[in-house]
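The values are calculated or read from the model by the stated rules, or taken from the named source; none is laboratory data. Because the structure is a prediction, the values reported are computed rather than measured. Here the Cβ positions follow ideal geometry from the backbone for every residue, glycine too, while neighbour counts run over all protein chains shown. Ligands, DNA and RNA are stripped out before the accessible areas are found, and what is left, the full protein with its side chains, is counted by its heavy atoms. Shrake-Rupley method; radii C 1.70, N 1.55, O 1.52, S 1.80 Å.
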Amino acid sequence: MSSFPGSPRTLRGAIVAVDPLGPLSRVVVFQYNPDQVQRTIAPRSGGESGQRAADAHRAWGAPTETITMTVDVDAADQLETGDPVAATVGVLPQLSVLEMLLHPGSVRVIANSVLLAAGTIEILPVELPMAVLVWGPARVVPVRITQLGVTEQAFNPALSPIRATVDVSAQVLTYDDLSLTDVGYGLYLAHLVAKEVLAMVGAVTGAVDAATDLAGA
């Protein structure tokens, strides 16, 4: 069933994995936008069990923000049109793109292992690409994917899933978490400026509504 022709086109959310050393960035465009996005925002702790009265209004940095959402993946449309990839491996490609947000690339792992065996480098954790959550033009933020919960709900004869849901948990990375030269540092500051502008608009709108209510009382 086609949508009402006058309805605006809804943008689709996405997660972009930016790898400065890779020629291409991995882009995860949501097949269906999540029905809800849960955000938990908490003030950043100063690291002390007790605070002085003079510190009651001090900010110890940007607040910590966690985001959770459920992403649906379904191969029904592709199977209906006879897509050979969907018929063979179902939604495994889409799930793999999401899972690769947590997996270091095999080339980098092998290269580091060779250098380590040769005594060229010390043992260091492999660096993951920077993930950026895009949820509309006003909300583009660097994040760290903290957990993926995959529920595979239906399978083809080869046991490849053809429908799945993925619970995504992420922590927003702020200027307190990133270096000044990191691309995410600038992205978060731009996000903060956009939030300040929206807060100003909300404050002005609230003041106008309050004045209107008083005038009509």
When segment 108-139 is checked residue by residue, the ones that are under 30 Å from Val201 (Cα atoms), out of contact with any helix residue (DSSP H, G or I) (no Cβ under 6 Å at 6 or more places or on another chain) and open to solvent by less than 90 Å² (accessible area, probe 1.4 Å) are Ala131, Val132, Leu133, Val134, Trp135, Gly136
Return a yes/no flag: does segment 137-152 have any residue that is more than 14 Å from the chain's Cα centre (by Cα), in contact (Cβ under 8 Å) with a residue 60 or more places away in the chain, assigned to a strand (DSSP E or B) and farther than 21 Å from Gly13 by Cβ.
-> no
Determine, yes or no, whether Leu180 is over 26 Å from Val27 (Cα atoms) and either open to solvent by 80 Å² or more (accessible area, probe 1.4 Å) or of a type in the set (Val, Ile, Thr) (or both).
-> no
In a loop (DSSP other than H, G, I, E, B), of a type outside the set (Asp, Glu) and on the phi < 0 side of the Ramachandran plot, is that true of Pro93?
-> no
Would you check if there is a residue in segment 21-36 being modelled with pLDDT of 75 or more, open to solvent by 100 Å² or more (accessible area, probe 1.4 Å) and of a type outside the set (A, V, I, L, M)?
-> yes
Quick check: is even one residue across segment 114-135 of a type in the set (Val, Ile, Thr) and in a strand (DSSP E or B)?
-> yes
When Leu173 is run through (1) touching a Gly at 6+ places or on another chain (Cβ under 7 Å); (2) surrounded by fewer than 16 Cβ atoms within 10 Å (Cβ to Cβ); (3) aliphatic (A, V, I, L, M), the failure sits at (2)
Are any of the residues in segment 163-170 under 30 Å from Val91 (Cβ atoms), surrounded by 12 or more Cβ atoms within 10 Å (Cβ to Cβ), over 19 Å from the mean Cα position of the chain (by Cα) and in contact (Cβ under 8 Å) with a residue 40 or more places away in the chain?
-> yes
Inside segment 77-95, can you point out the residues that are touching a strand residue (DSSP E or B) at 6+ places or on another chain (Cβ under 7 Å) and either modelled with pLDDT under 90 or open to solvent by less than 50 Å² (accessible area, probe 1.4 Å) (or both)?
-> Gly90, Val91, Leu95
Hey, does segment 184-199 have a residue that's outside any helix (DSSP H, G or I), at pLDDT below 95 and surrounded by 10 or more Cβ atoms within 10 Å (Cβ to Cβ)?
-> no
If you take the residues of segment 96-107 that are assigned to a loop (DSSP other than H, G, I, E, B) and surrounded by 15 or more Cβ atoms within 10 Å (Cβ to Cβ), which of them is modelled with the lowest pLDDT?
-> Gly105
